[in-house]
Amino acid sequence: MPDLKRRRLGRTGLMVPELGLGAMDPPPSPEGGETLRAALDAGITFIDTAREYAGSEMLIGQVLREFDAPAGLCLASKTFSRTANGAQYDIDRSLRALGRERIALYQLHDVSTDEAWEAVMHEDGALAGLQTARYRGLIDHIGISSHTADIVRKAITCGEFDTVMLEYSAFYPATAPLIDLAAEHDVGVIVMRPVGGSGRTSAMRGRIAGGYDGPLTPANLLRYVWSNPGVSVAIPGARYPSRIHENVATAADWSPMDEAERRALEAEAARLY
Ligand SMILES: NC(=O)c1ccc[n+]([C@@H]2O[C@H](COP(=O)([O-])OP(=O)(O)OC[C@H]3O[C@@H](n4cnc5c(N)ncnc54)[C@H](OP(=O)(O)O)[C@@H]3O)[C@@H](O)[C@H]2O)c1
């Protein structure tokens with residue numbers, strides 16, 4: 001199995017594989033446990049989960065109890081709580097479910113409205129809870145996920161967050177300037193929905209099965225994301241081990257896209273539906 005290339009996760013200083021795993025979907029899948037095992041076997045040591053992803057932390061904890069955790073394992077979880085007490089309570093529950101003594105990265109989940117931003121940044125807000133947990137040695141680093149550009153911008157520039165999770169793909173290139181800004185501030189960038197989400201990938205798979213041989217493929221979508229040097233890690237979701245094997249094969253042997261190829265893929269992506 002080839003080693004996955006690693007990138008620095010911003011100011012955390014952690015070196016993470018450029019291919020991670022978004023573990024939102026494995027729990028309801030009959031092959032969810034196998035998918036996680038396949039990812040760990042392949043050296044995918046960055047796994048994103050959340051309190052909110054029903055059963056995800058439990059499944060990861062179950063799989064990790066079966067064998068020694070791989071070197072450099074970096075688990076990232078999230079809380080939807082907006083208060084300091086709620087966030088600390090969630091961290092305690094994450095630690096128990098994952099079976100860990102500490103978690104490398106803990107994020108504020110989906111802070112996408114001004115109200116949510118005000119709440120988490122309040123002196124009794126969730127950020128304060130994460131800072132207390134970091135002080136207590138329960139988590140190492142603090143991140144935030146958001147679907148709103150203005151909030152990602154504030155999160156990058158306020159100096160409180162080590163990482164941001166944002167959507168970025170050939171379907172959604174609008175966040176490229178935020179990735180540049182994160183690089184300027186040495187904030188790690190975790191890319192959610194790198195292959196466009198389950199609806200689009202299902203449509204793509206159908207087209208490919210029907211004979212489509214154009215550029216809009218999961219492999220090219222990953223190449224697009226990795227071609228941006230400001231990206232630290234892409235976390236495609238998966239319910240089946242075969243997706244892991246395909247994405248690992250792409251990660252083992254990809255070449256950067258030039259500007260023309262990137263624009264062409266964006267145009268093709270815009271035509272999918
Ligand atoms: N913070 C937030 O608010 C937030 C929001 C959304 C997502 N996320 C994070 O981002 C992760 C990924 O997001 P996502 O799952 O919505 O979008 P995604 O990764 O862009 O798309 C996932 C879909 O791609 C399919 N897929 C993956 N690799 C494939 C391949 N090689 N060939 C064909 N299909 C492939 C998967 O299929 P199968 O499922 O059939 O295997 C799944 O349906 C989540 O797991 C989560 O960790 C965070």
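Answer with yes or no whether Leu59 is assigned to a helix (DSSP H, G or I), within 15 Å of the ligand (Cβ to nearest atom) and either touching a helix residue (DSSP H, G or I) at 6+ places or on another chain (Cβ under 8 Å) or farther than 24 Å from Arg153 by Cα (or both). Talk me through it step by step, then tell me what you get.
Details: assigned to a helix (DSSP H, G or I): yes; within 15 Å of the ligand (Cβ to nearest atom): yes; either touching a helix residue (DSSP H, G or I) at 6+ places or on another chain (Cβ under 8 Å) or farther than 24 Å from Arg153 by Cα (or both): yes.
The answer is yes for Leu59.
Of the helices (runs of 4 or more DSSP H) contained entirely in segment 193-273, those carrying at least 2 residues that are farther than 26 Å from Gly13 by Cα and within 14 Å of the ligand (Cβ to nearest atom) fall at 198-209, 218-226, 241-252. Restricting attention to segment 94-113, the residues being out of contact with any Asp or Glu (no Cβ under 8 Å at 6 or more places or on another chain) and away from the ligand (no atom under 14 Å from the Cβ) number 4. Here Thr79 clears all of (1) surrounded by fewer than 24 Cβ atoms within 10 Å (Cβ to Cβ); (2) of a type outside the set (A, V, I, L, M, F, W, C); (3) touching a His at 6+ places or on another chain (Cβ under 8 Å) except the condition numbered (1). Among the residues making up segment 111-138, those that are closer than 14 Å to Glu160 by Cβ and of a type in the set (Val, Ile, Thr) are Val111, Val120, Thr132.
Consider segment 173-192 and keep the residues that are open to solvent by 60 Å² or more (accessible area, probe 1.4 Å) and among the charged types (D, E, K, R). The one that is farthest from the ligand (Cβ to nearest atom) is Glu184. If you go through segment 4-21 and keep only what is touching a residue at least 60 places away in the same chain (Cβ under 8 Å), open to solvent by 10 Å² or more (accessible area, probe 1.4 Å) and outside any loop (DSSP other than H, G, I, E, B), you end up with Arg7, Arg8, Arg11, Thr12. Sub-6 Å Cβ pairs linking a first residue in segment 46-59 that is open to solvent by 10 Å² or more (accessible area, probe 1.4 Å) to a second residue that is of a type in the set (A, V, I, L, M) and near the ligand (Cβ under 9 Å from one of its atoms), at least 6 apart or interchain, are Tyr53/Met24, ordered by first then second residue.
The values are calculated or read from the model by the stated rules, or taken from the named source; none is laboratory data. Just so we're clear, the structure is a prediction, and the values are computed from it rather than from any experiment. Glycine gets a Cβ as well: all are built from the backbone with ideal geometry, and neighbour counts include every protein chain shown. For the accessible areas, the whole protein counts, side chains as well, though only heavy atoms, and no ligand, DNA or RNA atoms are used. Shrake-Rupley method; radii C 1.70, N 1.55, O 1.52, S 1.80 Å.
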